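J.: Here it is: the structure, laid out below.
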Amino acid sequence: MFRALIIGTGFGSRVVAGCYEEAGMTVRVVSPRDPQAVRAACAEPLDLVSVHSPPFLHAEHVNLALDHGHAVLCDKPFGVSADEARQMLTRAREVGVVHLLNFEFRHDPGRQRVKEIIDSGGIGRVVHMNWNFYNSFSRIPLRKHGWQFDRMCGGWLRINGTHMVDAIRWLVGEIVEVDCRVRTDVGERPDKDGKMQTSTAEDAFTAILTTDTGASVVIDTAWAVSGTLPDRWSIIGTDGIIDVTEAVEIYTPPMVRDTHITLLKDGNVEVERIGPFEGDGHLPAMRPWAVAVREAVSNGRQIQPSFVDGFACSEVIDRLHAAIPH
């Protein structure tokens with residue numbers, strides 16, 4: 001029996017728990033708002049502690065799992081800073097357990113196909129990537145004020161920029177130069193009691209990056225605009241272009257994750273459709289990732305993405321924050 005503890009009653013309970021159960025794990029979920037229950041649960045015999053609490057609690061919960069020698073998976077953003085991420089990585093290495101970072105979209109079937117094309121030399125050397133993602137996820141309906149809108153631990157850079165940074169590192173190369181501009185489209189939000197609170201974190205950003213392979217990358221994204229468009233990214237190589245649209249059938253429920261990959265090469269155009277997948281947009285990636293997590297922990301085999309990737313991503317996010325004009 002594979003025993004997994006999930007700390008988190010949001011994404012962890014809504015998405016991760018079901019995927020873990022499908023992968024053959026016995027799952028228990030505890031609320032991060034109950035410290036005593038978390039401590040007691042972590043002291044039990046476990047195969048995996050899966051941390052999906054708010055990022056300001058990541059270090060506390062990861063270290064608690066490591067105190068008991070458990071393999072641990074942490075969601076993104078990996079803590080609240082690169083310093084905190086470094087501490088968790090160092091401690092996991094000292095304890096000697098399998099450590100994993102929940103960059104589940106590496107296992108998305110569409111993104112797996114894009115990586116296959118790039119790694120096979122299908123478009124030659126990547127010279128540029130452009131990524132546009134505009135949605136109303138925090139605006140329609142209006143999301144209540146919480147950690148996501150506090151600059152100390154939230155903001156769209158951490159919430160979604162971490163996934164984008166990881167995808168760029170995975171597909172194109174390590175990020176060596178950064179520049180960034182941000183804005184806030186919804187300045188105030190009601191809290192759980194209906195009292196209006198100021199949003200101190202960005203809900204949109206534009207980043208210009210350079211990788212160690214010499215490729216340039218431009219990201220422009222927001223999650224509080226007045227409507228939702230398909231997630232679109234283009235990768236330009238010396239011998240071809242990959243143009244990707246994700247989640248194109250999003251205008252009416254239920255949400256459908258549907259990926260169209262267009263390959264332009266040698267004057268030819270090839271279009272490949274992967275999907276559609278109904279339900280939460282994380283599921284096509286989270287289901288195979290859950291299987292990989294179980295196999296890695298069961299065999300004591302370290303796989304990627306790991307805390308190494310979480311730390312590398314946190315370093316880039318910190319540098320992006322530092323590049324914002326004040």
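J.: In region 131-139, is there at least one residue being over 22 Å from the mean Cα position of the chain (by Cα), part of a loop (DSSP other than H, G, I, E, B), in the same structural domain as D258 (by TED's automatic domain parsing) and of a type in the set (S, T, N, Q)? I'd like the intermediate steps shown before the answer.
T.: Going residue by residue through region 131-139, those that are over 22 Å from the mean Cα position of the chain (by Cα) are none.
No, the conditions are met nowhere in region 131-139.
J.: Can you pull out every residue in region 216-251 that is of a type in the set (A, V, I, L, M) and touching a helix residue (DSSP H, G or I) at 6+ places or on another chain (Cβ under 9 Å)? Walk me through it before giving the result.
T.: Just the residues of region 216-251 that are of a type in the set (A, V, I, L, M), to begin with: 217-219, 222, 224-225, 229, 235-236, 241-242, 244, 247-248, 250.
If the condition is that a residue be of a type in the set (A, V, I, L, M) and touching a helix residue (DSSP H, G or I) at 6+ places or on another chain (Cβ under 9 Å), then V217, I219, A222, A224, I235, I242, V244 are the ones that fit.
J.: Would it be correct to say that A312 is free of Cβ contacts under 8 Å to residues at least 24 places away in the same chain, over 25 Å from F2 (Cα atoms) and either among the small types (G, A, S) or touching a helix residue (DSSP H, G or I) at 6+ places or on another chain (Cβ under 6 Å) (or both)?
T.: In short, no.
J.: State all residues of region 257-295 that are more than 20 Å from the chain's Cα centre (by Cα) and not assigned by TED's automatic domain parsing to the domain that holds Q112; if no residue qualifies, say none.
T.: E295
J.: May I pose another question? May I ask you to verify whether S120 is among the small types (G, A, S) and either under 22 Å from P190 (Cα atoms) or in contact (Cβ under 8 Å) with a residue 24 or more places away in the chain (or both)?
T.: So S120 does not fit the description; no.
J.: Restricting to region 310-323, what's the tally of residues that are polar (S, T, N, Q) and either modelled with pLDDT under 95 or under 23 Å from Y20 (Cβ atoms) (or both)?
T.: 0
J.: Now, a different point. Can you tell me which condition H326 does not meet? The list is (1) under 18 Å from F105 (Cα atoms); (2) at pLDDT below 95; (3) assigned to a loop (DSSP other than H, G, I, E, B), and all the others hold.
T.: If we test H326 against (1) under 18 Å from F105 (Cα atoms); (2) at pLDDT below 95; (3) assigned to a loop (DSSP other than H, G, I, E, B), just (1) comes out false.
Matching residues to (1) surrounded by 18 or more Cβ atoms within 10 Å (Cβ to Cβ); (2) at pLDDT 95 or above; (3) assigned to a loop (DSSP other than H, G, I, E, B):
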residue: V271; (1), (2), (3): no, yes, no
residue: F277; (1), (2), (3): yes, no, no
residue: G281; (1), (2), (3): yes, no, yes
residue: M286; (1), (2), (3): yes, yes, no
residue: A290; (1), (2), (3): yes, yes, no
residue: S298; (1), (2), (3): no, yes, no
residue: R301; (1), (2), (3): no, yes, yes
residue: V308; (1), (2), (3): no, yes, no
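J.: While we're on this one: Does region 57-75 contain at least one residue that is surrounded by fewer than 20 Cβ atoms within 10 Å (Cβ to Cβ), β-branched (V, I, T) and under 22 Å from A312 (Cβ atoms)?
T.: Looking for residues that are surrounded by fewer than 20 Cβ atoms within 10 Å (Cβ to Cβ), β-branched (V, I, T) and under 22 Å from A312 (Cβ atoms), one finds none in region 57-75, hence no.
J.: Among the residues of region 123-166 satisfying the criterion of being out of contact with any strand residue (DSSP E or B) (no Cβ under 7 Å at 6 or more places or on another chain) and over 23 Å from E188 (Cα atoms), which is surrounded by the most Cβ atoms within 10 Å (Cβ to Cβ)?
T.: T162
J.: Follow-up. For region 151-170, indicate whether the set of residues that are of a type in the set (D, E, K, R), modelled with pLDDT under 95 and part of a loop (DSSP other than H, G, I, E, B) is non-empty.
T.: yes
J.: Kindly establish whether E202 is part of a loop (DSSP other than H, G, I, E, B) and of a type in the set (D, E). Before the answer, list the steps.
T.: Numbers: part of a loop (DSSP other than H, G, I, E, B): yes; of a type in the set (D, E): yes.
Spelling it out, E202 is indeed part of a loop (DSSP other than H, G, I, E, B) and of a type in the set (D, E).
J.: May I pose another question? Please find, within region 20-34, the residue that is surrounded by the fewest Cβ atoms within 10 Å (Cβ to Cβ) out of those that are of a type outside the set (G, A, S) and over 14 Å from L48 (Cα atoms).
T.: R33
J.: Going through G227, G240, G275 one at a time, which residue ends up being in contact (Cβ under 8 Å) with a residue 40 or more places away in the chain and closer than 28 Å to G155 by Cα?
T.: The unique qualifying residue is G227.
J.: Looking at region 179-199 only, could you name the residues that are of a type in the set (S, T, N, Q) and part of a loop (DSSP other than H, G, I, E, B)?
T.: T184, S199
The values are calculated or read from the model by the stated rules, or taken from the named source; none is laboratory data. Since the model is a prediction, treat every value here as computed from it, not as a measurement. Positions of Cβ are backbone-derived with ideal geometry, glycine not excepted, and every protein chain shown enters the neighbour counts.
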